[in-house]
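The values are calculated or read from the model by the stated rules, or taken from the named source; none is laboratory data. Computed from a predicted model, the values in this text were never measured in an experiment. Here the Cβ positions follow ideal geometry from the backbone for every residue, glycine too, while neighbour counts run over all protein chains shown.
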Amino acid sequence: MVKATNELHQKSLELLEQRGVQLEDIAELVLILQQSYIDELTLELCLENVKAVIRKREVQNTILTGIQLDILAENKQLMNPLLDIIVDDEGLYGIDEIMALSIVNVYGSIGFTNYGYIDKIKPGILGKLNSHDDNEVHTFLDDIVGAIAAAAASRLAHAHPSKSDITQ
């Protein structure tokens, strides 16, 4: 079981990298989400929290599933109309966001607001993944990356409560 868990973790990291996502890219999103709330927040601390999120098995499962669906769509190996829906990243499809929510929930309800915000503004790597400039499909990946960032930001928030949280 330990070997399988390590393999799942390694494959998740490999797939993210193969699809053009570095963990530092996700850490930059975490920094955007939390820099106003945590004094002297560093990219290194954000990266540490991203890595912790990706160590969770449910996150790894979502990464593997979502990226596989993106690849299948790129290779035209899905049936229509599903193929066209995923390739076009149709706004009313919503399954990509539902999968991302399984990650968002890992560190509590604050993840929902973090995810909604980052998904709306699409900074950094999210803008690149969502640009549709190349032949790659990132319908699931952009939401997964945003969800990992949101969960890592939530993890940070729980570890660094604000003064108002402490005095209550």
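Within segment 105-122, if we keep just the residues that are of a type in the set (A, V, I, L, M) and at pLDDT 95 or above, the residue that is farthest from the chain's Cα centre (by Cα) turns out to be Ile121.
Among the candidates Lys120, Lys76, the residue that is of a type in the set (Lys, Arg) and assigned to a loop (DSSP other than H, G, I, E, B) is uniquely Lys76. Considering only residues of segment 1-26 that are assigned to a loop (DSSP other than H, G, I, E, B) and within 16 Å of the chain's Cα centre (by Cα), which is surrounded by the fewest Cβ atoms within 10 Å (Cβ to Cβ)? Among those that are assigned to a loop (DSSP other than H, G, I, E, B) and within 16 Å of the chain's Cα centre (by Cα), it is Gln22. A residue that is assigned to a helix (DSSP H, G or I), under 21 Å from Leu41 (Cβ atoms) and at pLDDT 95 or above can be found somewhere in segment 123-135. Evaluating Ile125 against the criteria (1) surrounded by 19 or more Cβ atoms within 10 Å (Cβ to Cβ); (2) closer than 23 Å to Ala159 by Cα leaves one unmet condition, (2). Cβ-Cβ contacts under 7 Å between residues 6 or more apart (or on different chains), taken from a first residue in segment 66-91 that is more than 22 Å from Lys11 (Cα to Cα) to a second residue that is small (Gly, Ala, Ser) and part of a helix (DSSP H, G or I), are listed as Leu83/Ala73; Ile86/Ala73; Val87/Ala73.
One residue stands out in segment 27-54 among those that are assigned to a helix (DSSP H, G or I) and out of contact with any Leu (no Cβ under 8 Å at 6 or more places or on another chain): the one that is surrounded by the fewest Cβ atoms within 10 Å (Cβ to Cβ), namely Glu44. When restricted to residues that are within 24 Å of His160 (Cα to Cα), in contact with a helix residue (DSSP H, G or I) (Cβ under 6 Å, 6 or more places away or on another chain) and in contact (Cβ under 8 Å) with a residue 60 or more places away in the chain, segment 6-51 contains 11. Across segment 87-117, the qualifying residues are those that are of a type in the set (A, V, I, L, M, F, W, C) and either in contact with a Phe, Trp or Tyr (Cβ under 7 Å, 6 or more places away or on another chain) or assigned to a loop (DSSP other than H, G, I, E, B) (or both), and the one among them that is farthest from Leu156 (Cα to Cα) is Leu92.
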